[in-house]
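Written out below as structure tokens is the structure these notes cover.
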Amino acid sequence: MSHGPATKWGEDNASPYKARLGVYLFIFYCLVYAGFIVINVVSPKTMGVSVIFGLNLACAYGFGLILLAIIMGIIYNHMCGKKERELNAPAGGDRS
Amino acid sequence: MIYTASPLAIGIFVAFVLSVLTLSSYFAKKTQSSKGYYAAGGTIHWAVNGIAFAGDYLSAASFLGICGMIAFDGYDGFLYSIGYLAGWVVALFVVAEPLKRFGKYTFTDALNYKFGSKGIQLTAAISTLVVSVCYLIPQMVGAGDLVTPLLGLPHYMGVILVGAIVIFIVATAGMTSTTYVQFIKGGLLIVFSTILTIYVLRHGLSLKPSDSFHSLVSIPAVLEGDTITSVEDSSYQVTGNYKKDNLHFVKLDKQGIATWWHVTGTAPNVILKETLSITKAADGRVLYNGDLKQAQKFFQVGNASKIVHNGKEVSETGPLGPFEYLSTIEQSEIIRFTKSTFQDANDKITIWRQNPTSGKEVLRPGLKFKVDKGADFMSRLNFVSLMIALFFGTSALPHILIRYYTVPSARDARKSTIVAIGAIGFFYILTLFMGLGAMLTGSLDLESSNMSAPLLAKFFGIILFSIISAIAFATVLGTVAGLIVAASGAVAHDLITGFMGKKMTDREQVRAGKISAVGVGCIAIILGILCKGMNVSFLVGLAFAVAASANLPSIIMLLFWKKTTSKGIAASIVVGILTSLGIILLSPSTYGDIYGLPRSAAPIPLDNPGIISIPLGYITLIIVSLLTQKKSQTS
């Protein structure tokens with residue numbers, strides 16, 4: 001059985017752009033996250049080095065990963081919204 | 001430890017329960033269609049959905065489990081916060097919009113949107129049930145664990161209580177009432193965690209956190225040969241010595257109460273350090289620090305043994321800013337406790353001995369996960385595997401994925417995910433301060449790390465304790481409600497309507513969903529009672545590993561690889577479930593903690609399966625899809 005979504009919407013011309021942008025941002029975040037794992041495994045003592053505001057690398061990197069996810073999410077939403085307005089504008093009522 | 005039920009906690013909990021039951025009854029009249037039952041009509045505002053995401057995701061494992069782990073093992077517990085949050089990036093950038101675009105009520109709908117395959121319906125529904133049940137059990141066990149100390153009820157009553165309330169919430173108004181319960185709970189959790197963190201920072205660090213704090217005692221002793229023969233305090237009599245490896249414990253008797261002490265230093269400067277102990281006597285009695293539980297001698301612990309603030313050694317710091325709080329801990333020394341067990345004649349002894357640990361070690365990885373001292377290849381591989389499963393598991397949890405169908409559009413799905421990341425990320429930052437706060441304010445019950453956050457709240461007053469306790473219950477309610485909606489959707493929508501092809505009217509579909517919710521809820525209650533005492537972190541880890549291995553390869557490949565076939569997806573789900581479950585069931589942790597066998601007897605030396613089972617899911621999907629290309633194209 002195959003059926004459509006729970007709600008209806010029009011054509012989203014920005015979809016390919018959003019998917020591509022999402023993949024790029026995902027890869028970027030993956031690399032930052034992988035860097036965190038690699039330092040933990042290869043040189044755990046480096047995580048104890050003080051880096052900023054008296055915080056060691058472990059805390060700064062951990063907070064950084066959380067804040068980076070939030071900031072990247074806001075940027076992603078802004079760029080997607082802009083592209084949606086640009087490419088879907090004539091449709092008017094498009095909600096996707 | 002013995003806890004006394006707080007009337008205020010009971011009152012707040014009852015008020016919360018009554019309000020969510022009223023809310024559910026109100027929405028019940030509006031939930032007549034399957035769209036209303038499974039997807040809240042697709043009309044939830046993205047901001048409400050975002051906070052409801054947080055309420056759904058921040059389970060007892062996040063609130064009680066992570067805070068407890070940080071309180072006992074420092075930064076290593078915070079690694080869970082980082083991994084759990086990072087997983088939302090996958091959800092936002094890769095999964096959110098396409099899943100909303102292709103699906104209707106369940107995650108199976110999205111996987112099957114272009115195939116209409118019975119195989120996908122069956123395997124994805126089974127995967128949803130396996131992951132949901134693995135996630136449900138720890139929530140129900142956690143509910144039972146909470147109700148005993150806080151409401152004074154037996155474990156099974158807690159499980160039945162939570163089960164009955166959640167069945168009512170789900171069976172009356174499905175996803176609509178579940179959404180608002182999660183929204184309220186998510187909001188309350190974040191607000192009161194913030195308040196608790198502010199209290200922690202205002203309190204700062206102190207060698208003696210409160211007047212009632214039990215300061216640990218040290219006694220000089222005489223060592224003759226390798227045996228302690230007497231102690232300086234003549235009120236104590238030496239009645240036993242126990243030595244194993246490099247550990248030496250001595251049993252002292254004072255007024256008929258036997259306590260165990262840790263021998264430190266070398267002759268002639270031998271010092272006995274106070275420990276906490278539980279003795280399971282051959283006659284069935286259980287003694288806490290040598291006395292019955294009711295005597296309440298098994299005191300709470302957790303404090304700094306040395307505080308260095310702005311380069312000076314001090315006894316207390318006063319209020320600190322968040323960064324200053326962490327940097328002060330890093331320069332200080334904290335008393336942690338290390339557990340040992342041994343046999344003394346016919347008695348089984350469990351001892352927690354003081355383990356002074358530098359703040360530097362507390363605030364970097366290594367105390368729980370062996371990546372530094374004593375690390376080997378397998379311990380490092382385990383760590384990497386865990387971090388991978390946490391990262392990829394979030395966006396494949398069925399109860400999280402169904403929340404994309406409750407908003408009107410794909411754009412709203414994206415926005416609600418960003419709100420969720422903000423709310424959840426903020427909460428996870430707070431977990432570090434709450435966990436360290438518990439570690440340094442004498443808020444640790446060595447028998448149960450899960451009680452660290454409520455006990456921290458108790459340190460700051462009974463009102464905060466009552467509210468945090470009630471929120472802890474609400475946390476369980478919100479997550480269990482989401483899980484039961486997901487599982488009932490898998491049974492009623494995917495299996496009965498989809499796989500078995502039973503024709504039903506819209507009203508009949510809603511009734512099937514409600515009956516399934518009652519059935520799943522009853523099974524959850526039974527499993528919650530049967531699994532009492534089981535390690536809850538183990539089961540949550542299992543759910544993440546199965547979700548990441550069974551579901552994510554299918555979602556990702558369906559979106560990004562055009563040659564993906566229905567058989568490839570079904571095979572990948574089956575292989576993902578079997579390999580992840582198989583590795584966990586044959587792992588050293590399961591052998592040691594669940595089966596009670598030697599860890600070395602485990603045939604697979606890996607505890608976390610992600611690093612093997614996730615790639616295997618992808619490989620299976622690619623191979624089977626390539627092998628079934630012609631058939632699928634023909635069909």
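The values are calculated or read from the model by the stated rules, or taken from the named source; none is laboratory data. Given the structure is predicted, the values throughout are model-derived calculations rather than measurements. Every residue, glycine as well, gets a Cβ built from its backbone with ideal geometry; the counts of neighbours run over all protein chains shown. Just so you know, the surface numbers come from the protein's heavy atoms only, side chains and all, with ligands and any DNA or RNA stripped out. Shrake-Rupley method; radii C 1.70, N 1.55, O 1.52, S 1.80 Å.
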Output field shielding_mean for B:403-412 (other chain Cβ, 10 Å radius) holds 5
Pair residue B:355, residue B:227: separation of 7 Å Cα→Cβ label points (nm): 3.0
Rounded accessible area of residue B:46 (nearest 10 Å², 1.4 Å probe): 80
With θ set to phi - 60°, apply the Karplus curve 6.51 cos²θ - 1.76 cosθ + 1.60 along segment B:198-214 and write out the HN-Hα couplings as whole Hz, x wherever there is a Gly or Pro. 4, 4, 4, 5, 5, 6, x, 10, 8, 5, 10, x, 8, 5, 7, 5, 7
Taking 8 Å as the Cα distance limit and 6 or more residues as the minimum spacing, I'd like the relative contact order of segment A:15-88 as a percentage. 31
Exposure rank, largest accessible area first [B:286, B:200; 1.4 Å]: B:286, B:200
Averaged across the residues of B:366-379, what count of C-beta atoms belonging to other chains lies within 10 Å of each residue's C-beta? 2
Row for chain B, column shape: gyration tensor on C-alpha, a ≥ b ≥ c, rounded if a/c < 1.5 i.e. under 1.5, prolate if a/b over b/c, else oblate; value prolate
Summing +1 per Lys or Arg and -1 per Asp or Glu among the other residues with Cβ less than 15 Å from residue B:553's Cβ gives +2
The answer for residue B:336, listing residues at least 5 apart or on another chain whose modeled amide H is closer than 5 Å to its amide H, is B:355, B:357
Give me the accessible area of residue B:458, 1.4 Å probe, in Å² rounded to the nearest 10. 80
Whenever you get a sec, line up A:20, B:364, B:202 from highest to lowest accessible area (probe 1.4 Å, protein heavy atoms). B:202, A:20, B:364
Rounding to the nearest 10 and keeping the result within 0 to 90°, find how far the Cα-based axis of helix B:566-585 lies from the longest principal axis of chain B. 20
Percentage of Cα-Cα pair distances in the protein assembly as shown greater than 40 Å, rounded to whole percent? 34
What nm value, rounded to one decimal, do you get for the distance between residue B:293 and residue B:378 when each label is placed 7 Å out toward the C-beta? 3.6
Tell me the net charge near residue B:105. Cut-off is 11 Å between Cβ atoms, residue B:105 excluded, with +1 for each Lys or Arg and -1 for each Asp or Glu. 0
Crossing angle, helix B:462-489 versus chain B [Cα axis fit, 0-90 degrees, rounded to tens]: 30
Of B:254/B:368; B:373/B:458; B:243/B:532; B:502/B:562; B:30/B:185; B:339/B:373, pairs whose Cα-Cα distance is over 25 Å: B:254/B:368; B:373/B:458; B:243/B:532; B:502/B:562
Got a sec? Which residues in segment B:176-201 would a label at residue B:310 touch, if it sits 7 Å along Cα→Cβ and we count backbone N under 19 Å? B:201
Which of B:498, B:50, B:125 sits farthest toward the positive end of the charge dipole of chain B, with +1 on the Cβ of Lys and Arg and -1 on the Cβ of Asp and Glu? B:498
Convert each backbone phi in segment B:108-118 into a coupling constant with the Karplus relation 6.51 cos²θ - 1.76 cosθ + 1.60 (shift: θ = phi - 60°), then list the ³J(HN,Hα) values in order as whole Hz, x for Gly and Pro. 4, 4, 5, 5, 9, 5, 10, 10, x, 8, 5
I need to check one value: relative contact order of segment B:218-362, counting alpha carbon pairs closer than 8 Å and at least 6 residues apart, in percent. 17
FRET E, pair residue B:255, residue B:14, Förster distance 41 Å, beta-carbon r, rounded to 0.05: 0.40
Shape call for segment B:252-398 from the C-alpha gyration tensor, a ≥ b ≥ c root eigenvalues: rounded (a/c under 1.5), prolate (a/b greater than b/c) or oblate? oblate
All aspartates and glutamates inside 17 Å of residue B:514 as judged from Cα atoms, apart from same-chain residues fewer than 8 positions distant: B:494, B:506
What is the gain in length, in nm to one decimal, between residue A:79 and residue A:19 on full extension, counting 0.36 nm per residue of separation less the C-alpha to C-alpha distance? 20.4 nm
Using a 1.4 Å probe and counting only protein heavy atoms, arrange B:233, B:109, B:245 so the residue with the most accessible area comes first. B:245, B:233, B:109
I'd like the accessible area for residue B:316: 1.4 Å probe, protein heavy atoms, all chains in place, Å² to the nearest 10. 120
Add -39500 (n - 2.57) for each DSSP H run of 4 or more in chain B, then divide by its residues: what number comes out at 222 nm, to the nearest 500 deg cm²/dmol? -18500 deg cm²/dmol
Kindly identify segment A:15-88 as rounded, prolate or oblate by the Cα gyration tensor criterion: order the square roots of the eigenvalues as a ≥ b ≥ c, call it rounded if a/c is under 1.5, otherwise compare a/b with b/c, prolate if a/b is larger, else oblate. oblate
Need one number: nm distance between label points at residue B:244 and residue B:595, each 7 Å from Cα along Cα→Cβ, rounded to one decimal. 2.2
